[in-house]
Amino acid sequence: MRNLELVFKSDENKVKTIKLSYASSTLGEAIVKNAMDRIAKLEMFQKDGVNLYNTPVCARYVEIKKYPIYQAPVPATK
């Protein structure tokens, strides 16, 4: 599975990440940067008066792989 992560800095200079599971895997730099700039300008994510997503830092695709170790047996049906 491939996720899109949008990384920002808050007003308090803390790193905040938005993780999107169902984003297109073909998004280009210009589209993502524009979206991040718009998110920052909207100031719609605040907590205690602090804008959590104030400054865009980076965007990246993250690949998630699962490596099964154990699976319980399925009981036989009658």
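Any residue at all in the stretch 62-73 that is out of contact with any Asp or Glu (no Cβ under 7 Å at 6 or more places or on another chain), β-branched (Val, Ile, Thr) and either touching a residue at least 40 places away in the same chain (Cβ under 8 Å) or open to solvent by 60 Å² or more (accessible area, probe 1.4 Å) (or both)? Talk me through it step by step, then tell me what you get.
Pass one, the stretch 62-73, residues out of contact with any Asp or Glu (no Cβ under 7 Å at 6 or more places or on another chain): 63-73.
Then keep just the ones that are β-branched (Val, Ile, Thr); that gives 64, 69.
With the extra rule that they be either touching a residue at least 40 places away in the same chain (Cβ under 8 Å) or open to solvent by 60 Å² or more (accessible area, probe 1.4 Å) (or both), the set shrinks to 64, 69.
For the stretch 62-73, residues out of contact with any Asp or Glu (no Cβ under 7 Å at 6 or more places or on another chain), β-branched (Val, Ile, Thr) and either touching a residue at least 40 places away in the same chain (Cβ under 8 Å) or open to solvent by 60 Å² or more (accessible area, probe 1.4 Å) (or both): present.
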Q | Top-ranked residue of the stretch 38-61 - restricted to ones that are among the hydrophobic types (A, V, I, L, M, F, W, C) and open to solvent by 60 Å² or more (accessible area, probe 1.4 Å), ranked as nearest to Thr17 (Cα to Cα) | A | Val57
Q. For Thr17, which of the numbered conditions (1) open to solvent by less than 100 Å² (accessible area, probe 1.4 Å); (2) modelled with pLDDT under 95; (3) touching an Asp or Glu at 6+ places or on another chain (Cβ under 8 Å) fails to hold?
A. (2)
Q: Looking at (1) modelled with pLDDT of 95 or more; (2) open to solvent by 100 Å² or more (accessible area, probe 1.4 Å), find the lone condition where Thr26 falls short.
A: (1)
(Q) Where the second residue is loosely packed, with under 10 Cβ neighbours inside 10 Å and of a type in the set (A, V, I, L, M) and the first is without any contact (Cβ under 8 Å) to a residue 24 or more places away in the chain and lies in the stretch 21-46, which pairs have Cβ atoms under 9 Å and are six or more apart or on separate chains? (A) Ser21/Met1
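The values are calculated or read from the model by the stated rules, or taken from the named source; none is laboratory data. Everything numeric here is computed off the predicted structure, so don't read it as measured data. Neighbour counts run over all protein chains shown; Cβ positions are idealised from the backbone, glycine included. Side chains included, ligands, DNA and RNA excluded: accessible areas come from the protein's heavy atoms. Shrake-Rupley method; radii C 1.70, N 1.55, O 1.52, S 1.80 Å.
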